[in-house]
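These notes concern the structure reproduced below.
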């Protein structure tokens, strides 16, 4: 009936009340804060456009490169396909598939970012051109910054993939970077539809 | 509730749904007019909200698997009881479960509190009362030759179990309650919820303090 000393050393296992494991939960909380950040930018955009904006949007003489941005949208959505393929590949033990998927995702994301920078240089207005210019560059720039962060994460994931990391059972690095990348894509769909289409 | 970003696969599915959602709104607005876009927006949003509400009701909880602690010949038993520790059958149950092992018993008494006091963080009295009940329980167990430790737990019994599991790492759980009809825990389905949440054997011991009569349900 004696009580013996604990055989366990070190701090206790972290409490996990959530049904999501801690690293994924961390990414989810980060994304939740990002959604609020984008929400504040969208609030400014809709205020400038609907409440305080001119009758016509974009205000003359400005035009938005809808077609180029549409192609860029297709590129970004395609990068989500390759990201998903990458994770599915490592889950099946296909290391080459994972590596190819990650490389393609980084390449497509980089293409998106470079195209957006190129678009900025040719769009014909700047952030100083009233509320329209400010909100356009604010929203698309904020998203571009997120693409850059996503690409940084994916680059490290790709390096790890080529260094032999990740297995069919241990691939959290790919999973979490994939969640972030899909979130970045989702936000672009919202930005593209509201800023360029509607 | 549904979390669309819980895994990469779900996030990917969410992306595809987002593409479809905004494509439908944009197409309706461009092809027919602004009001058509608004109607499609409202319709799809309503359909999505209904789906989320319905799906969240059927979502199964994920079981927590406590990590094994202690030596191989050690049997760790977590006892959750408000005031029903001390019955003979419960003591026998602990003896039976730990036969052939060095038993290590932790009694957790939830600091039961009213909802209003809980939300006002007014839990000092609840913890004080729980501490008294816990000490009485430990005295009765020690009198029976069971060297148990104890602690006051969260006001929510399942949460108290989960907290204790993280620190204690029990091999099994014994939940001691009043008989049906007099037990709030049974009314709230605490035993069933615990069996859904924790991947360890759970024994439910019914203690009728008034009649000094107890009944034991076998672990699942």
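To keep it simple, each residue is scored yes or no on (1) under 30 Å from residue B:101 (Cα atoms); (2) modelled with pLDDT of 90 or more; (3) facing another protein chain (nearest Cβ under 9 Å).
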{"site": "B:7", "(1), (2), (3)": "no, no, yes"}
{"site": "B:20", "(1), (2), (3)": "no, yes, no"}
{"site": "B:28", "(1), (2), (3)": "no, yes, no"}
{"site": "B:32", "(1), (2), (3)": "no, yes, no"}
{"site": "B:41", "(1), (2), (3)": "no, yes, no"}
{"site": "B:51", "(1), (2), (3)": "no, no, no"}
{"site": "B:71", "(1), (2), (3)": "yes, no, yes"}
Looking at (1) part of a helix (DSSP H, G or I); (2) surrounded by 16 or more Cβ atoms within 10 Å (Cβ to Cβ); (3) away from every other protein chain (no Cβ under 14 Å), can you tell me which one residue A:59 breaks? (1)
Number of the exception - residue B:166 against (1) surrounded by fewer than 19 Cβ atoms within 10 Å (Cβ to Cβ); (2) free of Cβ contacts under 8 Å to residues at least 40 places away in the same chain: (2)
Flag for residue A:112 being touching a helix residue (DSSP H, G or I) at 6+ places or on another chain (Cβ under 8 Å) and not in a helix (DSSP H, G or I): no
Does segment B:190-203 contain at least one residue that is assigned to a loop (DSSP other than H, G, I, E, B), touching a helix residue (DSSP H, G or I) at 6+ places or on another chain (Cβ under 8 Å), at pLDDT below 85 and more than 14 Å from every other protein chain (Cβ to nearest Cβ)? no
Any chance segment A:42-49 includes a residue that's part of a loop (DSSP other than H, G, I, E, B), modelled with pLDDT of 85 or more, out of contact with any strand residue (DSSP E or B) (no Cβ under 6 Å at 6 or more places or on another chain) and more than 13 Å from every other protein chain (Cβ to nearest Cβ)? no
Yes/no for residue A:153 being more than 16 Å from residue A:64 (Cβ to Cβ) and at the interface with chain B (Cβ under 10 Å from one of its Cβ atoms): no
Only one of (1) out of contact with any helix residue (DSSP H, G or I) (no Cβ under 6 Å at 6 or more places or on another chain); (2) modelled with pLDDT under 95; (3) surrounded by fewer than 18 Cβ atoms within 10 Å (Cβ to Cβ); (4) in a helix (DSSP H, G or I) is not met by residue A:131, so which one is it? (1)
Select, from B:164, B:155, the only residue that is at pLDDT 85 or above and in contact with a helix residue (DSSP H, G or I) (Cβ under 6 Å, 6 or more places away or on another chain). B:155
For segment B:207-219, does any single residue satisfy the condition of being modelled with pLDDT of 85 or more, crowded, with 16+ Cβ neighbours inside 10 Å and not in a helix (DSSP H, G or I)? no
Looking at (1) facing another protein chain (nearest Cβ under 10 Å); (2) closer than 29 Å to residue A:86 by Cβ; (3) surrounded by fewer than 13 Cβ atoms within 10 Å (Cβ to Cβ); (4) at pLDDT 70 or above, which is the one condition that is false for residue B:55? (1)
The residue from A:79, A:126 that alone is within 14 Å of another protein chain (Cβ to nearest Cβ) and either surrounded by fewer than 16 Cβ atoms within 10 Å (Cβ to Cβ) or under 28 Å from residue A:164 (Cα atoms) (or both) is A:79
Is it fair to say residue B:83 is crowded, with 16+ Cβ neighbours inside 10 Å, away from every other protein chain (no Cβ under 14 Å) and in contact with a helix residue (DSSP H, G or I) (Cβ under 7 Å, 6 or more places away or on another chain)? yes
Looking for something part of a helix (DSSP H, G or I), surrounded by fewer than 22 Cβ atoms within 10 Å (Cβ to Cβ), out of contact with any helix residue (DSSP H, G or I) (no Cβ under 7 Å at 6 or more places or on another chain) and more than 14 Å from every other protein chain (Cβ to nearest Cβ) - is there at least one such residue anywhere in segment A:157-176? yes
Can you tell me which residues in segment B:173-195 are surrounded by fewer than 17 Cβ atoms within 10 Å (Cβ to Cβ) and either free of Cβ contacts under 8 Å to residues at least 12 places away in the same chain or closer than 27 Å to residue B:101 by Cα (or both)? B:181, B:182, B:184, B:187, B:188, B:189, B:192
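The values are calculated or read from the model by the stated rules, or taken from the named source; none is laboratory data. Treat the numbers as computed from the prediction; the structure is a model and nothing was measured. Backbone-built Cβ (ideal geometry, glycine too); neighbour counts: all protein chains shown.
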